[in-house]
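Each remark here refers to the structure printed beneath this line.
The values are calculated or read from the model by the stated rules, or taken from the named source; none is laboratory data. In this text the structure is predicted, and so the values were computed from the model without any measurement. All Cβ positions, even for glycine, are placed from backbone atoms using ideal geometry, and neighbour counts span all protein chains on display. Ligands, DNA and RNA are excluded from the accessible area calculation, which covers all protein heavy atoms including side chains. Shrake-Rupley method; radii C 1.70, N 1.55, O 1.52, S 1.80 Å.
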Amino acid sequence: ARFDIVVAEPVASVIHRRPVTEVHINHALDQSEEDPFAVIKRLLAPHKVDRVTDIPFAGGALGYFSYDLGRSIEPMPELAAQDMPVPELLVGIYDWAIVVDHHKRCCRLVSHARFQSSESLHALHQNLLQPGEQPVQQAFSVIGDIAHNMDKATYTKAFQKVKNYILAGDCYQINLAQRLAVKVQGDAWQAYDHFRQLSKAPFMAYLQVDDGQGMPFEVLSMSPERFLQVTDNKVETRPIKGTRPRHADATLDKQEAASLASSIKDRAENLMIVDLLRNDIGKVCEIGSVKVDALFRLQRFTNVHHLVSIVRGVLAYGYHALDLLRGCFPGGSITGAPKLRAMEIIEELEPHRRGIYCGSIGYIGFDGSMDTNISIRTAVICHQTMTFFAGGGVVADSDCDKEYQETLDKA
């Protein structure tokens with residue numbers, strides 16, 4: 001959470017709705033069935049630059065990769081309802097960014113000028129220095145009640161099916177989630193700004209975009225979890241597994257933290273995902289470079305305690321950050337193990353497709369660096385409806401009441 005990165009005015013946009021990938025450049029549209037990861041890599045390739053220290057992003061690709069993009073990587077059954085009309089991938093190619101460095105307490109306009117002249121960037125800089133009138137926006141508010149797509153009885157039935165699959169040897173762990181929806185009105189940025197003050201999660205994101213067909217929507221992500229980072233070919237992932245609620249009472253809060261830190265069940269859950277991610281990043285990392293640098297580290301967030309592990313490696317010669325992202329997508333911490341079977345079971349048991357939830361939001365720079373989150377604690381606002389999910393990992397000795405309560409704690 002050292003940096004804020006602000007971008008606007010993409011010079012190109014990549015939008016994927018399986019099986020079609022669209023590239024929008026200068027009001028022209030190119031459509032193909034090319035792999036969207038390959039398309040983004042091709043758009044970045046001619047503009048490769050050296051990394052600048054202390055500037056995380058100075059141009060490149062930035063946007064979201066939804067959970068359902070996994071269907072373009074592996075064949076999947078189609079059982080869950082699809083009622084959110086947002087694309088499976090939406091990424092812009094940006095020539096400049098405003099980078100706020102909270103450590104150095106400075107704010108910079110940065111660019112490698114791959115698409116714009118230095119004169120136009122200077123004009124943009126001068127414009128940004130001028131005080132502007134703030135547009136009057138309608139206050140954000142929630143109207144009506146929150147609707148769950150699984151009540152307690154429905155969740156219990158799905159939970160028992162997961163237990164049966166584990167007993168039968170189909171899987172070791174399944175991340176089971178419920179979806180919540182509520183009608184909203186007003187300026188969603190106000191909601192995001194409120195969440196920023198409340199949560200202070202390290203991998204937050206706000207996107208105000210349209211789907212390429214004139215439909216605007218917004219994404220508000222309060223994610224505490226890093227998915228994949230690449231810096232100078234060094235790879236890092238930080239899976240989260242294991243959760244307890246925070247308490248205002250310091251004694252109770254300390255007891256919850258101690259309970260999580262010593263939980264055999266939560267540590268086993270975390271270890272399964274660490275092993276899965278070691279295998280995933282090992283596909284494109286140098287042999288022998290993949291190491292677990294931290295295991296079951298207790299980390300405190302505003303509303304919950306988590307167990308966080310850190311896995312690192314070195315990208316092998318000839319591989320790109322996008323190869324790593326594709327090879328690990330979607331993140332194992334929000335599917336279960338083994339991953340493909342877990343995704344098939346999720347498709348069977350969750351009533352609605354996940355969309356952006358449990359996908360990833362982040363950037364891949366012209367310099368080859370990448371940082372992405374796991375889009376949990378993430379809401380999508382479309383057609384004046386806010387939808388968001390909350391889930392948790394179910395293993396052999398999970399308790400249904402506790403797991404259901406964990407989804408409510410997270411929600």
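Taking the charge dipole of the chain about its Cα centre, with +1 at Lys and Arg Cβ atoms and -1 at Asp and Glu Cβ atoms, the residue from CYS328, MET272, HIS194 reaching farthest to the positive side is MET272. The angle separating the long axis of helix 339-349 from the principal Cα axis of greatest extent in the chain is about 70 degrees. When the solvent-accessible area of the stretch 1-156 is split by element, carbon and sulfur atoms take up 53 percent of it, the probe being 1.4 Å. Here the Debye sum runs over all C-alpha atoms of the stretch 330-378 as equal scatterers in vacuum, and log10 of I(q)/I(0) at q = 0.20, 0.23, 0.28 Å⁻¹ comes out as -0.73, -0.87, -1.07.
Note down the relative contact order for the chain as a percent, whole number, built from C-alpha pairs under 8 angstrom at least six residues apart. With pairs under 8 Å counted, the relative contact order is 23 percent. Derived from the Cα gyration tensor, the three semi-axes of the equivalent ellipsoid of the stretch 274-365 are 24, 19, 14 Å, largest first.
Springs join every pair of Cα atoms under 10 Å in this Gaussian network model of the chain, and among ASN270, ASN373, ASN164 the largest mean-square fluctuation is at ASN164. Can you spot the lysines whose alpha carbon is less than 22 Å from LYS265's alpha carbon? Ignore those fewer than 8 places along the same chain. Straight-distance partners of LYS265: LYS157, LYS161, LYS163, LYS241, LYS254, LYS339, LYS402, LYS410.
When you filter the trypsin sites (Lys or Arg not before Pro) in the stretch 75-128 for DSSP loop state and at most 13 other Cβ atoms inside 10 Å of their Cβ, you are left with LYS104, ARG105. By the equivalent-ellipsoid construction on the alpha carbon gyration tensor, the stretch 10-86 comes out with semi-axes of 27, 16, 12 Å, ordered largest to smallest. Rounded to the nearest 10 degrees, the angle from helix 264-282 to the longest Cα principal axis of the chain is 40 degrees. Cut-off 10 angstrom, C-alpha nodes, Gaussian network model of the chain. Which of ALA12, ALA58, ALA28 fluctuates the most? Comparing ALA12, ALA58, ALA28 in the GNM, the peak value goes to ALA28.
Looking at the stretch 251-343, which chymotrypsin sites (Phe, Trp or Tyr not before Pro) are DSSP coil and have at most 12 other C-beta atoms within 10 Å of their C-beta? The qualifying sites are TYR317. GNM on the chain, alpha-carbon springs under 10 angstrom: the most fluctuating residue among ASP95, ASP249, ASP30 is ASP249.
Any chance you could give the angle, 0 to 90 degrees and rounded to 10, that helix 152-168 forms with the longest Cα principal axis of the chain? In the chain, helix 152-168 runs at an angle near 80 degrees to the longest axis. The calculated P(r) of the stretch 344-411, using every Cα pair and 10 Å bins from 0, goes 16, 38, 30, 13, 2 in percent. A Cα-only calculation for the stretch 89-136 places Rg and Dmax at 13.2, 35 Å. Based on DSSP H segments of at least four residues, each scored -39500 (n - 2.57), the chain has a per-residue ellipticity at 222 nm of -8500 deg cm²/dmol.
With only the Cα atoms considered, the chain has a convex hull volume of 155 Å³ per residue.
Residues in the stretch 30-110 average 45 Å² of solvent-accessible surface per residue, probe 1.4 Å, ligands and nucleic acids excluded. Size check on the stretch 223-345: the Cα extents along the three principal axes, sorted descending, read 53, 34, 24 Å.
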